[in-house]
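A short worksheet on the structure shown next.
The values are calculated or read from the model by the stated rules, or taken from the named source; none is laboratory data. What you are looking at is a predicted structure, and each value in this text was computed from that prediction instead of being measured. All Cβ positions, glycine included, derive from the backbone under ideal geometry; neighbour counts span all protein chains shown. Accessible surface is based on the protein model in full, side chains and every heavy atom, while ligands, DNA and RNA are left aside. Shrake-Rupley method; radii C 1.70, N 1.55, O 1.52, S 1.80 Å.
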Amino acid sequence: MDRKVIKKIILTLLETSGITAIVLLSVFPVSCKVTTQGIQLIGGNYKVPKLLNMNVNDEKSVSLYFSDEVKVENLIVSPFVPGFSDSVDISNSMELSTALDYASGNYGMVECNVEYSNENKTTILNFENGTEAGKAYEIYGVVRDRTGNTLTFCIPFTGYNSRIPKIQITEVHPAMAAVQKTEDQNGTRRLEYVECCVLSDGNLAGLELCSGYAGDSKGYEFLPLEVQKGEVFVVHLRTWGEGCISEEGNDLDLAFSRYCGEWRDLWSSNTTKPMGEKNDVIVIRNKTTGVVLDCFWYEDGTISNWGEYLKTDFTVTEGFAEIYPDGINGGGCSSAGIGTTKVFARGGDGRWSITTPSPGSL
């Protein structure tokens with residue numbers, strides 16, 4: 001055979017082998033190293049570590065839980081800036097992503113140091129000056145596992161609240177008036193609300209009010225507001241018409257919709273049905289720990305299985321059993337007679353009844 005033909009065949013085989021090797025390397029989880037004998041293929045682990053969970057321990061520490069042991073390569077904790085951190089337009093128009101822009105230190109940093117536990121699967125962030133109760137923060141970080149795989153993440157958290165007040169649900173209006181004649185000229189309407197009384201001083205940061213009928217996703221999350229013993233506030237769970245103004249400062253005369261008064265009125269931005277009219281479980285709890293501060297429930301006798309009736313994402317955890325030792329199925333407050341002009345009211349003896357709001361009250 002002609003030498004030129006043989007040379008051409010050899011070159012073709014080499015090119016084919018090279019292309020095959022490249023394809024195989026791109027498909028199979030292997031790496032390579034150069035030895036005196038040539039290229040040797042080596043198996044490898046390219047599974048990226050996962051961030052499994054996060055826990056805000058207290059004002060000065062947060063724990064991050066990973067699927068594998070990791071080491072932090074880059075980390076920054078920054079305040080969350082509304083209108084910037086959550087702005088898609090800004091993120092798309094910037095050369096750097098929002099998280100990376102934070103990492104450059106443009107918007108301030110929370111000084112912290114890192115320690116590890118649980119064979120380096122748990123990363124603990126210790127903040128030198130602590131965090132503010134109810135304030136929104138973000139953690140941007142890069143971690144690397146033993147085999148060199150890295151994970152970049154950006155996760156929000158809320159500053160720990162160590163001053164949780166004691167709160168009692170005192171009145172519930174579960175039904176919105178659906179007929180036009182109940183509306184004023186400014187479009188106000190009788191809407192659903194929950195009235196609460198503060199039994200001890202504290203801060204509302206990290207607390208939420210949830211309905212089992214509507215589910216956790218429609219819960220109202222409280223702002224970091226200071227409250228005092230004896231104070232009354234009302235959470236309006238639906239916005240409709242004018243006057244639905246949340247009184248987050250010292251001026252308690254801003255809201256002018258139905259069922260507003262000299263107390264503090266807080267409004268949910270929700271516009272759909274926030275609770276059951278005849279059957280529901282209303283809970284105020286610590287969103288971080290799941291501890292129930294107070295709970296009220298009512299039923300009309302038609303619910304045979306509360307587990308099927310309540311939304312699947314609704315959870316009642318620690319503290320509920322202390323309020324109702326027999327559980328939801330052990331009996332409850334009857335909703336017979338409730339309506340758009342009636343409320344569930346808690347008496348001085350702790351018992352609930354259906355009544356009409358008296359003049360000067362809700």
Quiz item: What is the Å³ per residue value for the convex hull set by the Cα atoms of region 284-333?
Solution: 77 Å³
Self-check item: Net charge over other residues, Cβ less than 14 angstrom from the Cβ of Ser162 (K, R count +1; D, E count -1)
Solution: -2
Quiz item: How would you classify region 185-288 from its alpha-carbon gyration tensor, with a ≥ b ≥ c the square roots of the eigenvalues: rounded for a/c under 1.5, else prolate if a/b is greater than b/c, otherwise oblate?
Solution: oblate
Quiz item: Counting Lys and Arg as +1 and Asp and Glu as -1, each charge on the Cβ, what is the dipole of region 123-258 about the Cα centre in debye, to the nearest 20?
Solution: 460 debye
Quiz item: Quick one: which of 201-214, 124-137 comes out on top by average Cβ neighbours within 10 Å, and what's the full order, highest first?
Solution: 201-214, 124-137
Self-check item: Too-long pairs where the Cα-Cα distance tops 31 Å, listed order kept, from Lys60/Lys166; Lys135/Lys278; Lys166/Lys342
Solution: Lys135/Lys278
Quiz item: Based on the Cα atoms of region 239-362, what semi-axes does the equivalent ellipsoid have, where each is the square root of 5 times one gyration tensor eigenvalue, given in whole Å with the largest first?
Solution: 27, 19, 16
Self-check item: Dipole in debye (nearest 20) - region 194-238, about Cα centre, beta carbon charges: Lys, Arg +1; Asp, Glu -1
Solution: 160 debye
Quiz item: Sorted by packing (mean other beta-carbon atoms within 10 Å per residue), highest first, where do 140-147, 281-288 land?
Solution: 281-288, 140-147
Practice problem: Determine, from the Cβ-Cβ distance of Ser269 and Thr289 and an R0 of 30 Å, the FRET efficiency 1/(1 + (r/R0)^6), rounded to the nearest 0.05. | Solution: 0.75
Quiz item: Local charge sum around Leu252 (other residues, Cβ-Cβ under 10 Å, Lys/Arg +1, Asp/Glu -1)?
Solution: -4
Quiz prompt | Per residue solvent-accessible surface (Å²) - region 206-362, probe of 1.4 Å | solution = 49 Å²
